[in-house]
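Enquirer: Below is one structure. I have some questions about it.
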């Protein structure tokens, strides 16, 4: 089962998020893996549970919005 949590800019480009839609790094091509997107950086992450995933997502959103001057 797949998931995607995404913060997108007004142009529709992904700014930040989490998903498990594709492989990352040295994983076999096509083998899904939990990972985090922040701007153009993609890093593997460990999925623990839905509550932790949501908390991590909102912390990432807050950090990105603060970095861009949207939040203080």
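Enquirer: One residue is enough: does segment 38-49 have a residue meeting the conditions touching a residue at least 40 places away in the same chain (Cβ under 8 Å) and touching a strand residue (DSSP E or B) at 6+ places or on another chain (Cβ under 6 Å)?
Expert: no
Enquirer: Output the qualifying pairs, or none if there are none: Cβ atoms under 6 angstrom, residues six or more apart or on different chains, first residue in segment 55-72 and in contact (Cβ under 8 Å) with a residue 40 or more places away in the chain, second residue surrounded by 13 or more Cβ atoms within 10 Å (Cβ to Cβ).
Expert: Close Cβ pairs (under 6 Å, with a partner that is surrounded by 13 or more Cβ atoms within 10 Å (Cβ to Cβ)) amount to 57/5; 57/18; 60/16; 61/7; 64/15; 64/16.
Every number in this text was worked out from the coordinates using simple rules, so none of it is lab data. Note that the structure is predicted; figures quoted are calculated from it, not measured. Cβ sites come from the backbone with ideal geometry, for glycine too, and all protein chains shown count toward neighbours.
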